[in-house]
Structure formats: C-alpha cells, structure tokens
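Read through the structure below, which is laid out as structure tokens, and then see the notes.
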Amino acid sequence: MHSGGDHIQSTGEDAADAAIAFVYEPTPADYEAAMRRYTYGTWPGRGGLIVWPALILVLVFFFCELRGFAPAMTAVVVVAGVVAGVVTAHKTLARVAREQHADMEDYGTCRTVVGGEGMTTTGGSQTSTIDWQAFPWYVETGELFVLTTRRTRIFFVLPKRGAQDPADVDRVRTVLDRNLRRL
C-alpha cells in the first residue's frame, strides 16, 4: 500500500554512497596498530623504514673510509650506525603515532560520517571534513580502516568498532575501494 509521498528505490551504488556513521573514541592503541600496519605491511611504509638506516649506513661507511679506519673498526662503526638508525626509526614511528592520537584527543567521542565525496568527523566542539583526494590510499586491519597520505606518515584511523551496524563495515569498504587505492 502506498501511503503518499515519493518513494525512490535505491540502487546498490546509491546505497553505498549514502552516509555511513561510525561512533567511537580514538585510543592510542588504534594509532599504534595503524602505524605498525602501514609501516610493516605496505611498500611505502617499508620503503620509508629502510631509508634512514640505509642513509646512515652509507654516511658512516664513507666517514670511516675518509678517516682511514681499519676494516674491523669500520665494521663496528657501521653496525653501531645501523643499530642507531633502526632504533631512531622505531622511536620516531612511536612518536608520530602518539602525536596523531593527541591531535584526535580533543574530539573525545568521535562521530565520523563516510559518504561518496569524503568524510566528516565531529567531536567535542570540533568538526573536520576530508575529501578523498587528501588520503589517496588505505589499509585495513581486523579492527581498523587506516587512510594514508602519499609522502608522509599522516593517517586517519577509523575503528570498525564504531560501526552502528555490522553491515556498515562492508559499506565503508565499498566506498573506500571506489574512491581510494588499497595498499
């Protein structure tokens, strides 16, 4: 029975473009997991992780050659340089994850609405809108969608636990697959 008004039956694509709301409170663990997944699980992340130790290796090796160190001393200095590079990279990643979580702490409980054009996050007295061009890539874990930028370690974390309906996780994945490149 038609009770008046217009009735439009939506197609699957229209349904995927409809706004999908996630409500969640960001945690430091979310950002640590996002950083780990991006860094160790994607080619841009692994590439960025290798750059600093490799650069340090080359610089230390040339420094030792210029100073005329014996081969045994050169090996010790190179190993120490690489270890320092790896430790520095690990600490830098942890710091970046903490900083990105700190940026979201002011939001408190977040409400992120994902749609065909982008997403809007509201929390506390703040609102931010991001179109899909800002985050061209994404990765997924069992608990998170992680949207990433091209040349930096800046990312947006969308915890799946914030889905209002379990089907919303699949709907967001469909929107992300249509608008972003999965790494």
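The values are calculated or read from the model by the stated rules, or taken from the named source; none is laboratory data. Fair warning: this is a prediction, and the values are worked out from it, not measured in the lab. Every residue, glycine among them, receives a Cβ derived from its backbone with ideal geometry; neighbour counts consider all protein chains shown. All accessible areas refer to the heavy atoms of the entire protein, side chains included, with ligands and DNA or RNA removed. Shrake-Rupley method; radii C 1.70, N 1.55, O 1.52, S 1.80 Å.
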- Message: I need the Kirkwood Rh of the range 97-145: take the reciprocal of the average 1/r across all distinct C-alpha pairs and report it in angstrom.
- Response: 12.1 Å
- Item | Spin-label model distance (nm) - Arg67 vs Arg46, 7 Å beyond Cα toward Cβ | 3.3 nm
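With all protein chains present, how much of the accessible area of the chain (probe radius 1.4 Å) comes from carbon and sulfur, to the nearest whole percent?
59 percent
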- Message: Need the full-extension length gain, Val76 to Ile154, defined as separation in residues times 0.36 nm minus the C-alpha distance. One decimal, nm.
- Response: 24.6 nm
- Find which of Thr42, Asn179, Gly162 sits farthest along the positive direction of the dipole of the chain, computed with +1 on the beta-carbon of Lys and Arg, -1 on that of Asp and Glu, about the Cα centre. Thr42
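Could you compute the longest span of the chain free of trypsin sites (Lys or Arg not before Pro) located in DSSP loops and having at most 10 other Cβ atoms within 10 Å, not counting the site residues?
Counting at most 10 other Cβ atoms within 10 Å as exposed, the longest clean stretch of the chain is 1-149.
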- Note on the structure: Around Arg95 (Cβ within 15 Å, Cβ-to-Cβ, excluding Arg95; K/R +1, D/E -1) the net charge comes to +1
- Residue-ordered couplings for the range 117-134, obtained by feeding phi - 60° into the Karplus form 6.51 cos²θ - 1.76 cosθ + 1.60 and rounding to whole Hz (Gly and Pro as x), are 8, x, 9, 10, 10, 10, x, x, 9, 10, 9, 9, 10, 10, 8, 5, 5, 5
- Query: Considering only protein heavy atoms, what per residue accessible area in square angstrom results for the chain with a 1.4 angstrom probe?
  - Reply: 59 Å²
- With everything on Cα atoms, drop me the angle between helix 166-179 and the longest principal axis of the chain, reported from 0 to 90° to the nearest 10. 70 degrees
- Item | Helix 71-105 vs. the chain, principal-axis angle (Cα, 0 to 90°, nearest 10) | 20 degrees
- Query: Based on DSSP H runs of at least 4 residues, each adding -39500 (n - 2.57), what is the mean residue ellipticity at 222 nm of the chain after dividing by all its residues, to the nearest 500 deg cm²/dmol?
  - Reply: -17500 deg cm²/dmol
- Message: On the Cα set of the chain, report Rg and Dmax in Å, please.
- Response: 22.3, 92
- Message: Between Asp103 and Arg173, what's the calculated FRET efficiency when r is the beta-carbon distance and R0 is 25 Å? Round to 0.05.
- Response: 0.50
- Amide H neighbours of Tyr138 under 5 Å, counting only residues 5+ apart in sequence or on other chains, H built in-plane at 1.01 Å? Thr148, Arg181, Arg182, Leu183
